[in-house]
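Peer 1: Take a look at the following structure, please.
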Amino acid sequence: MHRMIVLLLVGLLTQPVAASAQSTEADVMAVITRLFDGMRAGDSAVVRSTFSPEARLMSAFEREGVPTLITGSLERFVTLVGSPHEVWDEHIWDTAIRIDDRLATVWTNYAFHRGPTLSHCGVDATEGCTSGE
């Protein structure tokens, strides 16, 4: 059985979204797409460009019946993306994007594949500033 994980990408959108004061859903989705394209290509520079320096990666799941929240290292993740491995391919659907002034949130279902094999699935929840500041 594949485990369900909620991945919180806090700070994903801070730097790269359009410099205009009013970003659109398409602007936000472009950053998400760039992140997953970078993961598929194994391009750590592209992946890093989608995160603010203050970004935190967090996973929430149940371990032995206990709700668990783990904070991961952005540096480790970016390094792993650029290291040799099977293609990492994350498919998303039912994506909801909300924007209020310069705050954007994204909530989407995902299935993560390592090469052709399904590794796990869950929900990505992301928030960030769309101003580039």
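Peer 1: Would you mind getting me the FRET efficiency between residue 95 and residue 64? Use the beta-carbon distance for r and R0 = 41 Å, nearest 0.05. Numbers along the way, then the final one.
Peer 2: Values: r = 31 Å, r/R0 = 0.77.
My answer for the efficiency is 0.85.
Peer 1: Hey, another quick one. With Rg and the Kirkwood Rh both taken from Cα atoms, where does Rg over Rh land for the range 41-133? Intermediate values should be presented prior to the final figure.
Peer 2: Numbers: Rg = 14.6 Å, Rh = 15.0 Å.
Rounded to two decimals, Rg/Rh equals 0.97.
Peer 1: Counting only protein chains, not ligands or nucleic acids, how are 88, 93, 107 ordered by accessible area (probe 1.4 Å), most first?
Peer 2: Solvent-accessible surface, decreasing: 107, 93, 88.
Peer 1: May I pose another question? Report the full-extension gain for the segment residue 54 to residue 114: residue separation times 0.36 nm, less the Cα-Cα distance, to one decimal in nm.
Peer 2: Details: separation 60, 0.36 × 60 = 21.60 nm, distance 2.72 nm.
Computed gain between residue 54 and residue 114 is 18.9 nm.
Peer 1: What number, in percent, do you get for the relative contact order of the range 27-123 if the mean sequence gap of Cα pairs under 8 Å and at least 6 apart is divided by its residue count?
Peer 2: Working: 130 pairs, mean separation 20.5, N = 97.
Reported as a whole number, the value is 21 percent.
Peer 1: Hey, what did the range 91-133 get for relative contact order, percent, Cα under 8 Å, at least 6 apart? It would help to have the intermediate numbers written out before the result.
Peer 2: Values: 72 pairs, mean separation 15.4, N = 43.
Taking the mean separation of contacting Cα pairs over the length of the range 91-133, I get 36 percent.
Peer 1: Calculate the dipole size of the range 32-124 relative to its Cα centre from +1 charges on Lys and Arg beta carbons and -1 charges on Asp and Glu beta carbons; express the result in debye to the nearest 20. Don't jump to the answer; show the numbers that get you there.
Peer 2: Numbers: 9 positive and 13 negative charges, 34 e Å.
That gives the range 32-124 a dipole magnitude of about 160 debye.
The values are calculated or read from the model by the stated rules, or taken from the named source; none is laboratory data. The structure displayed is predicted, hence computed values, not measured ones. Because the Cβ atoms are built from the backbone with ideal geometry, glycine has one as well, and the counts that use them run over all protein chains shown. For accessibility, only protein heavy atoms count, side chains too; no ligands or nucleic acids. Shrake-Rupley method; radii C 1.70, N 1.55, O 1.52, S 1.80 Å.
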